[in-house]
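Bear in mind that the values in this text are calculations on the coordinates, not laboratory data. None of the values given here were measured: they were computed from a predicted structure. Neighbour counts run over all protein chains shown; Cβ positions are idealised from the backbone, glycine included.
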Amino acid sequence: MTDFWLYVKLGLDHVLDLSAYDHILFLVALCAAYSFGAWKRLLLLVTLFTVGHTFSLLLAHYDIVAVSGSYIEFLIPITILVTAGYNIFNAKRSRPTEAHMLFYLVTIFFGLIHGFGFARYYNMMKEDESVAPLLEFALGVEIAQIVIVLITLLAAFFVQGVLRFNKRDWLLIISSIVIGMTIPMLIDTWPF
């Protein structure tokens, strides 16, 4: 039972680690356009991201796919910029664009990229070939992501409800902050 909590905690720490905040930035950008009323759609998006993240760990752990770490480390901030840029581009809309299949697929794809970024560290920690630790890790990732989503939704509720920012301004401000925090990551990981 202690191994179960070890891998769940590892998943929690992976997402909530403030020194490696790329995961947090992506989640903030992903859910910035949503409110509590759209929690089902947002939960689906976050879970799809976890599925992609977990699948890439599975592919890397069993040596099915090997991806250059330098390119993945560069692509991670790209996923954040694309997501935040999408928010800015769609900030005029009164509500988020209905999530179509392409939106879901892009979220899974971005999860794959983020998962490959963690794959080498995960492989160093995992001792056996069982898939159970990977699922336990994924559970920790999902729980941590839900925490980040709740914090972001509460912040949006406070800023829009109490401080009376309109949704467009909130989306532009939070997405711009995410972009500003991501640009140094992009520069630091430039592989060319």
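See the values below:
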| item | result |
| --- | --- |
| Residue pairs meeting the criteria (Cβ under 8 Å; at least 6 apart or on separate chains; first without any contact (Cβ under 8 Å) to a residue 24 or more places away in the chain and farther than 12 Å from M181 by Cα, in the stretch 15-36; second outside any loop (DSSP other than H, G, I, E, B) and of a type in the set (V, I, T)) | L18/I24 |
| Hey, V159 within 24 Å of G85 (Cα to Cα) and either out of contact with any strand residue (DSSP E or B) (no Cβ under 6 Å at 6 or more places or on another chain) or not polar (S, T, N, Q) (or both) or not | yes |
| Meets criteria (crowded, with 22+ Cβ neighbours inside 10 Å and farther than 10 Å from I113 by Cα) for A66 | no |
| Count of residues meeting criterion [surrounded by fewer than 20 Cβ atoms within 10 Å (Cβ to Cβ) and among the aromatic types (F, W, Y)] in the stretch 1-33 | 3 |
| Test: residue in the stretch 176-185 that is closer than 24 Å to L81 by Cα, touching a His at 6+ places or on another chain (Cβ under 9 Å) and in contact (Cβ under 8 Å) with a residue 12 or more places away in the chain | no |
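Per-residue answers, yes or no, for (1) of a type in the set (F, W, Y); (2) in contact with a Phe, Trp or Tyr (Cβ under 9 Å, 6 or more places away or on another chain):
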{"residue": "L10", "(1), (2)": "no, yes"}
{"residue": "L16", "(1), (2)": "no, no"}
{"residue": "L25", "(1), (2)": "no, no"}
{"residue": "G52", "(1), (2)": "no, yes"}
{"residue": "S56", "(1), (2)": "no, yes"}
{"residue": "Y62", "(1), (2)": "yes, no"}
